[in-house]
């Protein structure tokens, strides 16, 4: 699937089930389609991991992505 909206459309059409963000499918949940099958006690965290190859610190583009992600995390 190209994105979560496509996953939601497939689930809504009866193609199976998925784990989707509540905010993405609130309208469908309110209408009863698709059905919620589980509500966790604590919602999952939104986390993003940046994985780098050893030695990639020599690449300025990798450092730029790392620094921007760190700044965004602090601002959030």
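Points to keep in mind about this one:
- Pairs meeting the criteria (first residue in segment 29-58 and at pLDDT 85 or above, second residue surrounded by fewer than 10 Cβ atoms within 10 Å (Cβ to Cβ), beta carbons under 9 Å, at least 6 apart or on different chains) are 29/35.
- Check on residue 2, modelled with pLDDT of 85 or more and assigned by TED's automatic domain parsing to the domain that holds residue 73: no
The values are calculated or read from the model by the stated rules, or taken from the named source; none is laboratory data. Keep in mind it's a predicted model, so treat the numbers as computed, not measured. Cβ: placed from backbone, ideal geometry, glycine included. Neighbour counts: every protein chain shown.
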